[in-house]
Amino acid sequence: MHFSRIILVALLLVGCDEQSQCNDETQNKNIVIENTHTQASSQEKDNTAPHNTEITRQTYILNKGDTLTHLLRSAGFSFSEVYALTDAIKPLYDFKKIQSHTQFDVIETPNSKTIRFATSFAQVINAKLVEESWEITQNAITTQTEKISRSFAINHSLYQAASDAEVPNNVINSAILAMSHFVDFQREIRQGDQITLNFNSETVTQDAHLFSTFSNPQQLVAISFINQGKHYKLYHYQDTFYFKDGKLAQSFLMKTPLNGARLSSNFGKRKHPVLGYTRQHKGIDFSAPIGTPIMAAGKGKILKASYSRSFGNRVLIDHGNGYRTLYAHLKGFAKGIKHGARVSQGQTIGFLGNTGLSSARHLHYEVHKNGKVINPLKMKQPSNIQLTGDDLHAFKVHINDIDKRYAVLVPDPTTDNQVLSALQE
Ligand SMILES: [Zn+2]
């Protein structure tokens, strides 16, 4: 308690020095985007306020290396007001998490001053100062979903072509992940291969500037890919991808749940590096730099995301069909990874580390089938997983809807090909 106060006082002092030295310059630097004076109208909520009340709104940016105290001081708040705000906001938000380039709106009426800023995508905090006390509220901003369709031919680099077509990185990565189970992107891409990606992008309907430091959530909904003359169509459905006929497009479990790793110890008998004696190695070890993202090998439900003496930080996932996967010695868990959480294939669940009974940084990966450990590299997976009955019917309704909604956006260059293949069938 004392410690945090000392830090706060130190911050205030730093803010004070800077403020006294460069007050004017900082103000100019911070204010951008909006600097509006509006006459209060019927929108003014306070009915008792005089009709010609003036409301001002200014936007301040937290520059890199600048302190929040400094910013709020330049917005006209006193030290004690800033101090009280830090305290009042604590139950809802920790100011230590604030990122540089965050924008703050300061809305001023004769009776109050309100600070408004975003804490995550579509979430804002309003801190209203009325008669020397702060009222803090958290609000959700309404969002709208934009439907986007992008088509491009691959000439040299897949990533370059995607970037030229304004496809966001996470969308092209999802597409590659979805197709990597049946297309080898290192060897099987040909000049002139054609990709169409249909995806949703969520945007806020107001105060967009407040969310400039957060990326818009995007979801890939359908992929059309012509690879060496073969036409693949995939649809995102229930957290995974299916072909048009309802067959699962992704393999059930990934053999390697991380990128850029070296296999450092195989499945089977070996001398244990810490315990020293020979015993069965029940998984496989991958070596990679500390902090390398570890992915869920398949979609499923988190059974454990906690510390154990031997496995250190470990995640256990239930994938259904009798399959479970275990990821051990993690440095830490990804956000939202806890008991009961649902994950999709390829989702980051944690980060490579060296916790528990481990002699060097590595990922220990196990696959269990009906309670017995199996070799992940040799596992025969349930293939031909196919939606049937009511599930298949619901899926068909879903993909017809998707096709209709996106067809109007961009003429699909693959249509001729589809017609052709339909004629051939
Ligand atoms: Zn191991």
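Out of curiosity, is THR256 farther than 23 Å from SER358 by Cα and not assigned by TED's automatic domain parsing to the domain that holds TYR365?
Criteria not met by THR256.
What residue, of SER149, SER133, is among the small types (Gly, Ala, Ser) and open to solvent by 40 Å² or more (accessible area, probe 1.4 Å)?
One residue alone meets the criteria, SER133.
State yes or no: is ASN126 farther than 30 Å from LYS247 by Cβ and either assigned by TED's automatic domain parsing to the domain that holds MET295 or out of contact with any Ser or Thr (no Cβ under 7 Å at 6 or more places or on another chain) (or both)?
no
Of all residues in region 240-295, which are hydrophobic (A, V, I, L, M, F, W, C) and modelled with pLDDT under 80?
Our first condition is that a residue be hydrophobic (A, V, I, L, M, F, W, C); within region 240-295, this holds for 241, 243, 248-249, 252-254, 258, 261, 263, 267, 274-275, 284, 286, 288, 290, 294-295.
ALA261, LEU263, VAL274, LEU275 - these are the residues of region 240-295 that are hydrophobic (A, V, I, L, M, F, W, C) and modelled with pLDDT under 80.
Can you go through ILE226, ILE189 and tell me which one is touching a helix residue (DSSP H, G or I) at 6+ places or on another chain (Cβ under 9 Å) and assigned to a loop (DSSP other than H, G, I, E, B)?
ILE189
Which of the numbered conditions does ILE302 fail, given that it passes all the others? Conditions: (1) within 16 Å of the ligand (Cβ to nearest atom); (2) in a strand (DSSP E or B); (3) touching a His at 6+ places or on another chain (Cβ under 8 Å).
With respect to (1) within 16 Å of the ligand (Cβ to nearest atom); (2) in a strand (DSSP E or B); (3) touching a His at 6+ places or on another chain (Cβ under 8 Å), ILE302 is out only on (1).
So which residues in region 280-299 are within 19 Å of the chain's Cα centre (by Cα) and more than 16 Å from the ligand (Cβ to nearest atom)? Break it down stepwise before answering.
Taking region 280-299 and keeping what is within 19 Å of the chain's Cα centre (by Cα), we get 291-299.
Matches in region 280-299: GLY291, PRO293, MET295, ALA296, GLY298, LYS299.
Which residue is farthest from the ligand (Cβ to nearest atom), if the candidates are limited to region 322-371 and must be over 26 Å from the mean Cα position of the chain (by Cα) and more than 17 Å from LYS255 (Cα to Cα)?
ASN370
Given the structure, is ALA407 modelled with pLDDT under 90, exposed (fewer than 15 other Cβ atoms within 10 Å of the Cβ) and aliphatic (A, V, I, L, M)?
In short, yes.
Please count how many residues of region 149-176 are within 18 Å of PHE241 (Cβ to Cβ) and in contact (Cβ under 8 Å) with a residue 60 or more places away in the chain.
3
The values are calculated or read from the model by the stated rules, or taken from the named source; none is laboratory data. The structure presented is a predicted model; accordingly, all values stated were derived computationally and were not measured. Don't worry about glycine lacking a Cβ; one is built from the backbone with ideal geometry, like all the others, and counts go over all protein chains shown. Heavy atoms of the whole protein, side chains included, go into the accessibility calculation; ligands, DNA and RNA do not. Shrake-Rupley method; radii C 1.70, N 1.55, O 1.52, S 1.80 Å.
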